Structures are given as C-alpha cells and as structure tokens.
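Only the coordinates and a few stated rules stand behind these numbers; no lab work does. Keep in mind the model is a prediction, meaning the values are calculated, not measured. Because the Cβ atoms are built from the backbone with ideal geometry, glycine has one as well, and the counts that use them run over all protein chains shown.
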Amino acid sequence: MFIPTPFGIMLKQTRENKKLSQGELAEELGKTAQYISNIEKGKNNSPPDDADLQILIKKLGLSGDEAEKFRLLAYADRGMLPPEMFRYLFDSPSLLGLITYAQKCEIPEDFWLGLLQNTKTDKGRINHE
C-alpha cells in the first residue's frame with residue numbers, strides 16, 4: 001500500500017480543480033498518464049525535475065505562494081532542499097549550527113512560530129517590536 005505525499009496530494013487536487021486528466025498533464029511532460037498517477041498515489045520515487053516542475057506550474061495555472069509551495073513540496077518529495085536554500089544554508093555556518101542545535105534539543109515548531117511573530121526583519125537585522 002502506498003501513501004500519497006503532500007506533493008502528490010496537491011498535484012491531484014490542483015489537477016482535478018483545473019479539470020485536467022492525468023493524460024493531459026502527462027502529455028505536457030512527454031510522459032505517460034501512469035507517471036502522473038504514480039506521483040499522486042505516492043508510488044513514484046522520482047518527482048518531476050525542475051524543468052518539468054515549471055511546465056506543471058504553468059499548465060496548472062499556479063502562481064505566487066501556491067507555485068512556491070508546489071515547488072517546495074516537490075523538493076521535499078526528493079528529500080532535498082531547493083538549490084538556493086541549500087547554498088544559503090551551507091554558506092551560513094551559524095544557521096546550520098542553529099538548526100543542528102534545534103534538532104538535537106527537539107525545539108518545537110510553536111517556538112519558531114512565536115519567534116517569527118515577535119520579530120521583523122530589516123535587511124538582515126532582527127528588530128523586536
């Protein structure tokens with residue numbers, strides 16, 4: 001039994017909302033309908049690459065935050081960070097150390113949400129309101 005991933009779920013919901021068949025979407029990529037079906041069902045170990053993601057985003061009419069969420073979910077399906085996040089993280093040893101520390105201490109998501117709600121950024125500086 002396969003469990004759909006968040007990317008597969010978003011792909012299916014968006015495709016169905018746009019009234020597109022798996023075949024129509026697959027045709028844009030030069031793939032089979034089975035390829036799309038496998039992604040939607042969580043069977044596919046290889047989500048679309050960057051070029052195919054851009055085609056899907058355009059065909060599904062995604063833009064802004066919705067397109068970015070779709071892209072990030074595809075990277076998560078691959079067990080990867082997008083290249084720009086990967087570069088930023090590894091060019092920032094202090095940030096990498098903070099993430100390692102947070103993981104080790106099991107700092108919960110609620111902590112980070114609270115931190116973000118109580119700060120605002122001004123060109124890299126964090127100002128407490």
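Report summary: the helix-based calculation at 222 nm, which adds -39500 (n - 2.57) for every DSSP H run with n ≥ 4 and divides by the residues of the chain, gives -19000 deg cm²/dmol.
Residue by residue, segment 110-118 carries 3J(HN,Hα) couplings of 4, 4, 5, 4, x, 4, 5, 5, 9 Hz when phi is fed to the Karplus relation 6.51 cos²θ - 1.76 cosθ + 1.60 (θ = phi - 60°); x denotes Gly or Pro. Database remark: amide H of G42 closer than 5 angstrom to the amide H of T5 (H placed geometrically; neighbours at sequence offset of 5 or more, or on other chains; Pro and chain starts carry no H). Here the Karplus curve 6.51 cos²θ - 1.76 cosθ + 1.60, taken at θ = phi - 60°, turns the phi angles of segment 66-82 into couplings of 5, 5, 5, 4, 4, 5, 5, 5, 5, 4, 4, 4, 7, x, 10, 9, x Hz, with x standing for Gly and Pro.
Taking a point 7 Å out from the Cα of Q103 in the direction of its Cβ, the residues of segment 71-93 whose backbone N falls within less than 20 Å of it are 72-93. The phi-based Karplus calculation (6.51 cos²θ - 1.76 cosθ + 1.60; θ = phi - 60°) puts the 3J(HN,Hα) values of segment 19-31 at 6, 9, 7, 4, x, 4, 5, 4, 4, 4, 9, x, 10 Hz, whole numbers, x for Gly and Pro.
Please name whichever of L98, M85, L25 sits farthest to the positive end of the charge dipole of the chain, dipole taken about the Cα centre and charges placed at Cβ: Lys and Arg +1, Asp and Glu -1. The one lying farthest along the dipole's positive direction is L25. For segment 6-80, evaluate the Debye formula with one uniform point scatterer on each Cα (no solvent term) and list log10 I(q)/I(0) at q = 0.11, 0.20, 0.24, 0.25 Å⁻¹, rounded to two decimals. The Cα Debye sum returns log10 ratios of -0.21, -0.77, -1.18, -1.31.
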